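Engineer: Before I ask anything, here is the structure I am working with.
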Amino acid sequence: MPEAWKRAVALEDTEVDVVVVGFGGAGACAAIEAADRGADVLVVDRFQGGGATAISGGVVYAGGGTVYQKEAGCDDSVEAMLNYLRLEVGDAVSPATLERFCADSVANLDWLAANGVPFEGSLAPRKTSYPTNDYYLYYSGSEAAPPFRDAATPAPRGHRAKGRGTSGKVLFKALARAATQRRVRVARQTRVTGLTTDADGRVTGVECRRITSTTGRLAHRWLSVSNRKLNIYFRPAGRLLDGPIRRLEARHGRTWRVRARRGVILAAGGFVFNRKMLAEHAPPYRSGSSLGTIGDDGSGIRLGESAGGATARMHRVSAWRFFNPPLSLVEGVLVNRDGERLCNELYYGARIGDHIAEQRDAKAYLIIDQRILDAAKSQLAGQTLWFQRWQANYLFTVGHLKAGNIEELATRTGIDPTGLRRTLDTYNADARSGKDRMGKDAEHVHPLERGPFYAFDCSLRTQRGFPCPMITLGGLTVDEESGAVTRVDGSAIPGLYAAGRTAVGVCSESYVSGLSIADCVFSGRRAGSAAAGAS
């Protein structure tokens, strides 16, 4: 234990019904639900709250006939949503839990709206990774691509909270306000360092380090806000602040113990900022760009493990390799170093990321010709927000390699020339006959034959102008009826619950935009309800 921690004077112990560790999307939903069921709730957060939710796109995956789908004139059913998600979710959760998730989807979206989250039924007119500020409903997954469109009638289910730019801050602000209105107490700048248990192994509370001095709180807040922003745009600069933040917490933190009469809910995010854990569980993703805050360091998962909790799907990571918008870029061909085509380029970015992660050194390249580049440049202003425009401008200016013919391009990029020529000859022949072997929509299949030709490096490794954001999907195993953390033998740990990316959930096998926040609502409310009702 650091010497500064030994010298610190302990704060007076506190007792509440429910303690929630982490004030992001899942933590806020858990706190609101527990408070609505009569519990006295305290939320503890290492920083100012918000977590990954506040810096996300604010998209909630919902379907089955939401009011906003109806407003847009789109038909959807619980059955169609379920049939699509079965292919995405696999066996990450039981069939009964997935059915409940889909059946509750409309109600959960209505619950968010009732708690002040604004939505709108303005439908994006084209496939995109994230709509412009004119649209707030879109196809946020791979619904329109095979095999998904063959299993379920496609419907737009990406409900973006209404707000300019990336609107996660709008979504979380509404949830934070709703929690405050219920007199949920939030202890910010407080780091949970351990769980307390009784002789029977029941989790009875938490031990924390809380910054109380004015100087410490101001410095910690400034450093953490700066760190969060730098991490989004250039992690190497943000990393320089990691150490000073930890030292401030050690120097100014005071011991604080909180007893939880009914339960503790772990909702502290994933482990994408813990490179050691990534190397251990998901080595192909070590080179991606972490999305979230440095609080996503696996601390919530490790707290659960310290009480005997088991983990699962720790190898699953969602890496988002988006090159659309501009939409014309999906007309390119994505290949590996052997020149082999990887997948349908119209797939959702995380599914494309999964295919890239399976390649040698996680390397891939998007091959386009001059016709595609000219079309993409013409679409830039009307189809992109600033961060998408910034990425595309990087690719169009310095982020590519160029050559007069395919063989020269292959040599410059390190792709096998014979393999690339064979792939493009096959692709072009199919395009002339009006088909595509990987099921890409015919509207986006045209021969690549007008030089010069270009290669965009779509590998998972971080590039300053073309990052590959990622989040971890695995976590603590939970009882799917209550959200209680479970041991290796499947038995529940009394008094301990988990939600969001600290736990295995609906999106722990495969991710589409909005599915994580939707799972935060679903699992957060589940854990909050169960903890409030515990005795």
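The values are calculated or read from the model by the stated rules, or taken from the named source; none is laboratory data. Predicted, not measured: the structure shown is a model, and the values here were computed from it. Methodologically, a virtual Cβ is constructed for each residue, glycine included, from the backbone with ideal geometry; neighbour enumeration extends over all protein chains shown. Remember, those area values only see protein heavy atoms, side chains included, never the ligands or the DNA or RNA. Shrake-Rupley method; radii C 1.70, N 1.55, O 1.52, S 1.80 Å.
Engineer: Tell me the residue from Gly216, Gly201 that is in contact with a helix residue (DSSP H, G or I) (Cβ under 8 Å, 6 or more places away or on another chain) and more than 11 Å from Val19 (Cβ to Cβ), please.
Structural biologist: Among Gly216, Gly201, only Gly216 is in contact with a helix residue (DSSP H, G or I) (Cβ under 8 Å, 6 or more places away or on another chain) and more than 11 Å from Val19 (Cβ to Cβ).
Engineer: Do we find that Arg251 is farther than 25 Å from Ala31 by Cβ, more than 21 Å from the chain's Cα centre (by Cα) and in contact (Cβ under 8 Å) with a residue 12 or more places away in the chain in this structure?
Structural biologist: yes
Engineer: Next question. Quick test of your reading of the structure: Gly451 fulfils all but one of (1) modelled with pLDDT under 95; (2) surrounded by fewer than 15 Cβ atoms within 10 Å (Cβ to Cβ); (3) over 30 Å from Phe273 (Cβ atoms). Name the failing condition by number.
Structural biologist: Only one criterion is unmet by Gly451, namely (2).
Engineer: Go through (1) of a type in the set (Val, Ile, Thr); (2) more than 19 Å from the chain's Cα centre (by Cα); (3) open to solvent by less than 20 Å² (accessible area, probe 1.4 Å) and name the single condition Val89 misses.
Structural biologist: (2)
Engineer: Consider segment 505-517. How many of its residues are among the aliphatic types (A, V, I, L, M), open to solvent by less than 10 Å² (accessible area, probe 1.4 Å) and either free of Cβ contacts under 8 Å to residues at least 40 places away in the same chain or touching a strand residue (DSSP E or B) at 6+ places or on another chain (Cβ under 8 Å) (or both)?
Structural biologist: 2
Engineer: Here's another thing I want to ask about it. Return the pair list, or none, for Cβ contacts closer than 7 Å from residues in segment 64-93 that are within 18 Å of Gly121 (Cα to Cα) and of a type in the set (Ser, Thr, Tyr) to residues that are open to solvent by less than 50 Å² (accessible area, probe 1.4 Å) and assigned to a helix (DSSP H, G or I), at least 6 apart or on different chains.
Structural biologist: Going by the 7 Å Cβ cut-off, the qualifying pairs are Thr66/Val106; Thr66/Leu109.
Engineer: Please enumerate the residues belonging to segment 48-77 that are surrounded by fewer than 24 Cβ atoms within 10 Å (Cβ to Cβ) and under 17 Å from Trp111 (Cα atoms).
Structural biologist: Gly64, Gly65, Val67, Tyr68, Gln69
Engineer: Going by what's in this entry, would Gly205 be described as at pLDDT 95 or above, small (Gly, Ala, Ser) and open to solvent by less than 20 Å² (accessible area, probe 1.4 Å)?
Structural biologist: So Gly205 fits the description; yes.
Engineer: A follow-up question, please. On the given criteria, is Ala307 small (Gly, Ala, Ser), in contact with a strand residue (DSSP E or B) (Cβ under 9 Å, 6 or more places away or on another chain), farther than 30 Å from Asp479 by Cα and crowded, with 22+ Cβ neighbours inside 10 Å?
Structural biologist: So Ala307 fails the test.
Engineer: If I filter segment 283-304 down to residues being of a type in the set (D, E, K, R) and in a loop (DSSP other than H, G, I, E, B), which single residue comes out as nearest to Ser56 (Cα to Cα)?
Structural biologist: Step one: filter segment 283-304 for residues of a type in the set (D, E, K, R), giving 286, 296-297, 302.
Still in the running and in a loop (DSSP other than H, G, I, E, B): 286, 296-297.
Working: Arg286: 21, Asp296: 14, Asp297: 17 Å.
Among them, the one singled out is Asp296.
Engineer: Still on this structure, I have one more. Kindly establish whether Ile406 is open to solvent by less than 40 Å² (accessible area, probe 1.4 Å) and closer than 29 Å to Arg149 by Cβ.
Structural biologist: no
The rows are residues; the columns are (1) in contact with a strand residue (DSSP E or B) (Cβ under 6 Å, 6 or more places away or on another chain); (2) among the β-branched types (Val, Ile, Thr); (3) in a loop (DSSP other than H, G, I, E, B).
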| position | (1), (2), (3) |
| --- | --- |
| Pro131 | yes, no, yes |
| Lys173 | no, no, no |
| Ala176 | no, no, no |
| Thr215 | no, yes, no |
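Engineer: Moving on to the next point. Consider segment 409-448. How many of its residues are open to solvent by 50 Å² or more (accessible area, probe 1.4 Å), touching a residue at least 40 places away in the same chain (Cβ under 8 Å), part of a helix (DSSP H, G or I) and in contact with a strand residue (DSSP E or B) (Cβ under 9 Å, 6 or more places away or on another chain)?
Structural biologist: 1
Engineer: Please find, among Ala124, Ala107, Ala113, the residue that is open to solvent by 40 Å² or more (accessible area, probe 1.4 Å), over 18 Å from the mean Cα position of the chain (by Cα) and among the hydrophobic types (A, V, I, L, M, F, W, C).
Structural biologist: Going through Ala124, Ala107, Ala113 in turn, the sole match is Ala107.
Engineer: Shifting gears a bit: Inspect segment 387-408 for any residue being free of Cβ contacts under 8 Å to residues at least 60 places away in the same chain, outside any loop (DSSP other than H, G, I, E, B) and of a type in the set (Phe, Trp, Tyr) and give the result as yes or no.
Structural biologist: yes
Here is a yes/no grid of residues against (1) β-branched (Val, Ile, Thr); (2) farther than 18 Å from Leu476 by Cα; (3) surrounded by fewer than 16 Cβ atoms within 10 Å (Cβ to Cβ):
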{"position": "Ile245", "(1), (2), (3)": "yes, yes, no"}
{"position": "Val264", "(1), (2), (3)": "yes, no, no"}
{"position": "Ala268", "(1), (2), (3)": "no, no, no"}
{"position": "Leu291", "(1), (2), (3)": "no, yes, no"}
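Okay, residues lined up against (1) over 30 Å from Thr193 (Cβ atoms); (2) acidic (Asp, Glu); (3) assigned to a strand (DSSP E or B):
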{"residue": "Val18", "(1), (2), (3)": "no, no, yes"}
{"residue": "Ala34", "(1), (2), (3)": "no, no, no"}
{"residue": "Gly38", "(1), (2), (3)": "no, no, no"}
{"residue": "Val43", "(1), (2), (3)": "no, no, yes"}
{"residue": "Gln48", "(1), (2), (3)": "no, no, no"}
{"residue": "Gly57", "(1), (2), (3)": "yes, no, no"}
{"residue": "Gly64", "(1), (2), (3)": "yes, no, no"}
{"residue": "Asp76", "(1), (2), (3)": "yes, yes, no"}
{"residue": "Met81", "(1), (2), (3)": "yes, no, no"}
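Engineer: Scan segment 247-279 for residues that are assigned to a helix (DSSP H, G or I) and of a type in the set (A, V, I, L, M, F, W, C) and jot them down.
Structural biologist: Leu248, Ala250, Met277, Leu278, Ala279
Engineer: Right, another one. Looking at this structure, is Leu395 at pLDDT 90 or above, under 27 Å from the mean Cα position of the chain (by Cα) and hydrophobic (A, V, I, L, M, F, W, C)?
Structural biologist: When the stated conditions are applied, Leu395 passes them.
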